[in-house]
Amino acid sequence: MMPGELELKNSDDILHNIHTYSTANPTINKAQPKFKKTMTEKFEKPEVVKLTCDVHSWMLGWLAVVPSPYFGVTDQNGVAKLEGVPAGKQTVEIWHEQLGKQTKDVDVKAGQTTKVSVEMVKK
Ligand SMILES: [Cu+2]
């Protein structure tokens with residue numbers, strides 16, 4: 001997401017908890033009871049935020065707050081498409097929960113598809 005508000009939904013009939021491990025944004029640690037179907041929280045600064053639920057130890061998520069409208073999540077084949085990126089020299093940043101972060105400089109040509117290939121290796 002870009003910096004702004006995020007709607008957190010609880011579609012389950014049980015209590016959950018939103019616990020964020022932020023450094024740039026305020027930390028959130030709030031219960032979300034089953035009757036509270038949506039909660040809105042602000043994430044105003046770019047960072048990758050770890051989210052957990054303290055009620056269910058296996059629940060874990062990541063929220064990437066990025067300072068750009070051009071972002072995506074890879075599909076089952078490891079492919080993400082960023083559309084409408086302005087032509088010119090751009091830098092793409094790739095992040096993975098276990099494999100870390102990489103950046104790559106890309107020369108985006110107007111009206112063409114530019115392919116960027118990145119190999120993430122476990123260290
Ligand atoms: Cu939960």
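Among strands (runs of 3 or more DSSP E) lying entirely in segment 50-110, which contain 1 or more residues that are among the charged types (D, E, K, R)? Working first, answer last.
Numbers: elements: 60-65, 88-96, 100-108.
In segment 50-110, the matching strands (runs of 3 or more DSSP E) lie at 88-96, 100-108.
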Inset, instruction - Considering (1) in contact (Cβ under 8 Å) with a residue 12 or more places away in the chain; (2) among the hydrophobic types (A, V, I, L, M, F, W, C); (3) closer than 21 Å to LEU8 by Cα, say which one VAL85 fails and leave the rest. - result: (3)
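Does segment 28-42 contain any residue that is closer than 20 Å to LEU99 by Cα and surrounded by 15 or more Cβ atoms within 10 Å (Cβ to Cβ)? I'd like the intermediate steps shown before the answer.
Looking only at segment 28-42, we keep the residues that are closer than 20 Å to LEU99 by Cα, and these are none.
The answer is no; no qualifying residue exists.
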Inset, instruction - Give LYS50, LYS81, LYS42 a once-over and let me know the one that is of a type outside the set (A, V, I, L, M), within 30 Å of LYS115 (Cα to Cα) and not assigned by TED's automatic domain parsing to the domain that holds VAL108. - result: LYS50
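Over 30 Å from VAL121 (Cα atoms), within 16 Å of the ligand (Cβ to nearest atom) and open to solvent by 90 Å² or more (accessible area, probe 1.4 Å) - does that describe any residue in segment 57-71? Even if it seems obvious, please write down each step before you answer.
Initially, segment 57-71 is screened for residues over 30 Å from VAL121 (Cα atoms), giving none.
Checking segment 57-71: not a single residue is over 30 Å from VAL121 (Cα atoms), within 16 Å of the ligand (Cβ to nearest atom) and open to solvent by 90 Å² or more (accessible area, probe 1.4 Å).
The values are calculated or read from the model by the stated rules, or taken from the named source; none is laboratory data. Worth saying up front: this structure is predicted, and the values here are computed from it rather than measured. For neighbour counting, all protein chains shown are included, and Cβ atoms are generated from backbone atoms with ideal geometry for every residue, glycine included. The area values use the complete protein model at the heavy-atom level, side chains included, leaving out ligands, DNA and RNA. Shrake-Rupley method; radii C 1.70, N 1.55, O 1.52, S 1.80 Å.
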